[in-house]
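Read-outs: derived from the displayed coordinates by stated rules, not from any lab. Not measured: the values here are computed from a predicted model. Neighbour counts run over all protein chains shown; Cβ positions are idealised from the backbone, glycine included.
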Amino acid sequence: MLPPSLYAETATPAADTPVLEGTTRASVCVIGAGFTGLSAALHLAEAGTDVLVLEAEEPGWGASGRNGGQVNPGLKPNPDEVEADFGQDLGGRMLALSYGAPDAVFELIRRHQILCEARQEGTIRAAIGDANAVAVGATAEQCIRRGWPVEMLDAAGAARLTGTGRYAGAMLDRRGGDLQPLSYARGLARAAMQLGARVHGATPVTALAQVPGGWRVTTPKGEVLAEKIVLATNGYTGDLWPGLRRSVVPVFSSIACTAPLPAEVAARVMPHRASLYEAGHITVYYRMDQANRLLMGGRGPQSPLTSIEPVRYLMEYAARLWPDLTGVEWTHGWNGQLGMTPDHYPHLHEPAPGVLAGLGYNGRGVAMATAMGRQIALRLQGKPVAELDMPVLPIKPIPFHGFWKLGVAWTILQGRLRDRFGL
């Protein structure tokens, strides 16, 4: 059952994804029906591959159905840094993939007629204070130098787009946008199934074993004999594959949303209707949806939310940005686990022949997980590793991973202090 959220209440209906029962075969078995797994399944099914998806809950149950709904371009490291880390050839392809990922998402939505409130009005990266404005300006310069549709705005320009004078500057990338993420996940599942993929919900994988010709994937009521495997569980990764769970840090991100705002108020809050995320150490992200609700996200309790009270700071911050929101009704609060990596890059792994894993999107999962799913599909169809647009990396477990909650709490506290004092 989906945790309570605005998305769970307003999403398009889910397709029927029955529990797997008995023994079946597939060319590819995908474990996890979030954006990565569903994208991989869809692209494989489009190519005529016999693909089966197993999901412990239902498609979109995890962060794919609970995130901010922002379709943001790019990777967390700046373009110059990406090319320095991976070279001009691979680094350049990584940049083309990641900054072009929103266009790929919206094209996929159009091609498969997915109803998910998709809107491509851009992404704003807003700078709090002069130091962050310099950093955002450096990112913008690197994008503009590459001929991308990016614009750097001064404080006045940022205020025009956002309706608040909070920011010292902002970068607008017109390729970004937003959508209803649970509807998008359900639409990907439906599109994959229409192309022949089999999707089974309420079917957790309990064991994975190599057998002659491939893999045996065991579930409570059945099993799949598959030639190849995709591990696509991201922030909810368990111990099916040695070390994979400990290679990412699962971080809860929380969202609160208002009731639909009166038209005259909504016109003054994010009038440009782009998505926005702040530049700083511990910041917030937000957007207005098509029903004039403000959705504001940020760090909160590192455990599942049971009420909106633990994220009241988001409501108070919204009233600071737009005094018109003082006293408005906030109707929902929820959270989900993102996958973070120490190097801030998404990770693509091939720990054994015919086994692919993609995870660790560092808060850019709508666009990048969709893109990663296609890369996985291409690899499983035989594309050489050297020709993929993401590097295939060894799995590296994080030291002292068992203390991740303490580490996240300390990072959040430290970041808030640095933001407060402009460090």
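Before moving on, here are some points about what is shown:
- Based on DSSP H segments of at least four residues, each scored -39500 (n - 2.57), the chain has a per-residue ellipticity at 222 nm of -9500 deg cm²/dmol.
- Using the Stokes-Einstein relation with a Kirkwood hydrodynamic radius computed over Cα pairs, the translational diffusion coefficient of segment 1-157 at 10 °C and a viscosity of 1.306 mPa s comes to 85 µm²/s.
- Going from the fewest other Cβ atoms within 10 Å to the most, the residues 315, 171 appear in the order 315, 171.
- P(r) tail for segment 217-301: Cα pairs beyond 20 Å make up 58% of the total.
- Cα-based equivalent ellipsoid, segment 146-260: semi-axes from gyration tensor eigenvalues, Å: 43, 18, 16
- Three-way shape call for segment 303-343 based on the alpha-carbon gyration tensor, with the a/c threshold at 1.5: oblate
- Distance between the modelled labels on residue 194 and residue 381, one decimal in nanometres: 1.9 nm (7 Å Cα→Cβ projection).
- Each residue in 150, 211 was given a count of other beta-carbon atoms within 10 angstrom of its own, and listing them fewest first yields 211, 150.
- Added length on full extension, which subtracts the Cα-Cα distance from 0.36 nm per residue, residue 111 to residue 320: 71.2 nm
- Rg(Cα)/(2.2 N^0.38 Å) for segment 345-400, N = residue count: 1.12
- In a simple Cβ point-charge model (Lys, Arg +1; Asp, Glu -1; nothing else charged), segment 110-170 has a dipole of about 280 debye relative to its Cα centre.
- The percentage of C-alpha pairs in segment 1-82 whose separation is greater than 15 Å is 68%.
- Sequentially through segment 235-240, phi angles give Karplus couplings (6.51, -1.76, 1.60; θ = phi - 60°) of x, 10, 5, x, 10, 4 Hz, Gly and Pro residues having no value and appearing as x.
- Estimated dipole of the chain in Debye, rounded to 20 [Cβ of Lys and Arg +1, of Asp and Glu -1, Cα centre]: 260 debye
- Extent of the chain along its three principal axes (Cα atoms, max minus min coordinate, largest first): 64, 45, 44 Å.
- Counted by neighbouring Cβ atoms within 10 Å, the residues 39, 307, 247, 98 run from fewest to most as 307, 247, 98, 39.
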